[in-house]
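Below is one structure, written out as structure tokens, with a few remarks after it.
Since every read-out is calculated from the coordinates, none of them should be taken as a lab result. On a predicted model such as this, the values are computed, not experimentally measured, just so you know. With ideal geometry, Cβ positions are generated from the backbone for all residues, glycine too; neighbour counts draw on all protein chains shown.
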Amino acid sequence: MKRMGELVLLSMCWIGLAAGVVTATETENLALAGGPADPPIPIEIDAVEASGTLATGYVNSSGWCGGPYIDLTAGAEAVRIVSFEMYFKGTVNRDVDVYWKAGTYVGSETNPGAWTLLGTVNVTPGGDGTLTAVNLGGVDIPAGQTYGFKVWDGGTGGASGPGLDLRAGGTAVSDGNLSLASDAYTCSEPFNGLSTGFGWQGTVTYGDVPVELLSLEVE
């Protein structure tokens with residue numbers, strides 16, 4: 001007769017941060033419940049996302065274009081990009097597109113076929129120096145890997161917007177879990193008219209890649 005109790009107990013230790021779906025008592029009972037005639041017992045466990053934020057801070061650098069590129073690199077653990085907050089120029093209502101790709105944006109800035117549209121949201125920014133939420137996310141970056149992101153709000157450089165408030169000299173920040181680098185942008189079209197020397201500013205919210213389903217069986 002097979003017993004899977006040790007697997008259950010080890011698995012419960014492994015998901016120490018998971019939602020409390022199975023208690024220690026339930027785990028003990030499960031370890032003793034198996035028998036030749038017993039059907040498999042599936043257990044579904046959803047992990048809790050532990051959120052973090054990576055912020056660039058804000059510098060008013062008179063860089064006002066609508067299409068910055070961003071590289072995000074995961075640290076020793078995989079991360080899920082949950083959402084963004086961005087510094088926009090002016091208060092003009094606008095649609096914001098966010099694209100992504102596996103690998104760095106460098107070398108793919110003017111190649112639309114390399115990019116996948118993550119989504120589009122409509123925002124009305126609060127004005128210069130004010131963060132505005134762009135609730136697009138769900139991209140999982142494997143440990144140690146870099147993924148590129150591209151933002152486009154239609155801005156062509158006008159001081160009253162649309163456009164994003166970019167940082168002269170580029171942007172580079174890290175908190176150990178996630179690193180960000182940005183030093184390229186477009187103004188005329190999403191993937192045309194590449195320039196460098198200014199970087200994206202804002203905040204990236206990220207979390208653990210959740211355990212969507214963990215099935216344990218007792219035979």
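Here are some notes:
- Applying 1/(1 + (r/R0)^6) with r as the Cβ-Cβ distance of SER179 and ALA78 and R0 = 22 angstrom yields a FRET efficiency of 0.95.
- Whether segment 69-111 is rounded, prolate or oblate, judged on the alpha carbon gyration tensor where a/c under 1.5 counts as rounded: oblate
- Here ALA172 and THR120 are evaluated by their C-beta separation; at R0 = 30 Å the FRET efficiency comes out at 0.65.
- In this simple spin-label model, placing a label point 7 Å from the Cα along the Cα-to-Cβ direction at both THR110 and VAL59 gives a separation of 2.7 nm.
- Diffusion coefficient, µm² s⁻¹, Stokes-Einstein with Kirkwood Rh over alpha-carbon pairs of segment 52-208 at 37 °C and 0.692 mPa s: 219 µm²/s
- Segments 111-124, 149-162 sorted - mean Cβ within 10 Å per residue, highest first: 149-162, 111-124
- Sorted by Cβ density within 10 Å, fewest first, the residues GLU109, GLU77: GLU77, GLU109
- Zone of ALA159's modelled label, taken as backbone nitrogen in segment 55-70 under 14 Å from a point 7 Å along Cα→Cβ: 61-64
- Segment 114-176: relative contact order in percent, alpha carbon pairs under 8 Å with at least 6 residues between: 17 percent
- Normalising the average separation of contacting C-alpha pairs (under 8 angstrom, six or more residues apart) by the number of residues puts the relative contact order of segment 52-208 at 42 percent.
- Fewest-first sequence of VAL79, VAL106, VAL209 by Cβ atoms within 10 Å of each Cβ: VAL106, VAL209, VAL79
- This ranking places ASP175, ASP128, ASP165 by how few other beta-carbon atoms lie within 10 Å of each, fewest first, which gives ASP175, ASP128, ASP165.
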